[in-house]
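Since the structure comes first, as structure tokens, the remarks are kept for the end.
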Amino acid sequence: MIERNRVNILMARKVSGEATTEELKELEMLLMQFPELQYAFTIIGDISSVNSANGFSPAEEEQLASEGMDRINLFLQQEQELPPAKRLIPWRMISGIAAGIAILITAYTLWPVVPRKQAFRNEVVTKTGSKTSVVLPDGTSVILNACSRLQYDATRFLNGEREVSLTGEAYFDVKHDPGHPFIIQSGNINIRVLGTVFNVKAYTEDATVETTLLSGKVEVDFPDNDHGGARKTVQLQPEQKLIIGIKENKQIPVNRKTNFSITPVKTMAAAGNHTTAEKPATAWVNDRFDFDNVTFEQLSHDLERWFNVTLRFKNDKYKHEVFTGAFRKQSIEDVLQALQLMSGFHYEMNTKENVIYIW
């Protein structure tokens, strides 16, 4: 028990930058004795690096800090109801952890709680213009795109209940485990897999949810708008994309009789010095911004998330312009100039407010 507490202290000291060389060596030796704590330590490092490399604004930090403290207080209340023998991390240790959003997230990640089916105790968040990766307790790798949120419960994962909640976009490489299916919840859409590689795009501001399967097999369950609230289940094969309409009056161009469509995954030629062709749905993983046959309105949401700007249309006719293209490490102005050549719209950049006007 004392050694496990020592691991938590050393974790906090390393994240806060206060650990000595001897303490780092001690932490490494203790993690070898308690491999189940290695996952928590990995999460601490991942979230800490995201926070330092892509610093949240003061308002974002305050909001996340408030959410984290609310969860910690809830856990403390639950902890008081447990017998003393079940305590794993005393509060004085949590209060001693270095300040910062990453540490607040770590605190409620490590805090012992009573598992509940509806609760997701762990969370990874990315901000505009950034992405990050995380390895879940079962070994599944996830890369989160900008403005995304992944929630899960590490304790339930270790017990074989592999369920996550996703808002935004993520690339999954799921660890194969036939006895324990991997389930992704995104609103009222559920994706069930055993072991596969795929991409899910499910932003709340978008009119569709897209699931792109690269290998393996996935099963997607979602509301069927044509049958009075019934649900429909679709199985995807490799190199297929499922597009589901989630907003009223927003139909899928491929099949206007339903609220979904299944299309082949397209491959686009690589740009610049890259000779390997890429798929638009997953090109973002390699820092490439690809889009295929999308309206300017749809594209504007991706541009906002990718470049940390706000696009406002002064002339609605340009919302319906359709574009296909690929960019890699270009600025937002480079992208707009290229699109302008194809459409003829005008734009003005307000750098002070980070707003771009289209007319």
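Every read-out reported here was derived from the displayed coordinates using simple, explicitly stated rules and does not represent laboratory data. All of these numbers come straight from a predicted model, not from anything done at the bench. In this analysis, Cβ positions are derived from the backbone assuming ideal geometry, glycine residues included, and neighbour counts consider all displayed protein chains.
Relative protection proxy for 299-306, 232-239, from highest mean packing down: 299-306, 232-239 (other beta-carbon atoms within 10 angstrom).
Please list 141-153, 339-351, 173-185, 281-293 highest first by mean number of surrounding beta-carbon atoms within 10 Å per residue.
On the way: 141-153: 20.9, 339-351: 12.7, 173-185: 16.1, 281-293: 17.7.
Highest-to-lowest ranking by the protection proxy: 141-153, 281-293, 173-185, 339-351.
Take each peptide in 316-324, 156-164, count the other Cβ atoms within 10 Å of every residue, and average; sorted highest first, the result is 156-164, 316-324.
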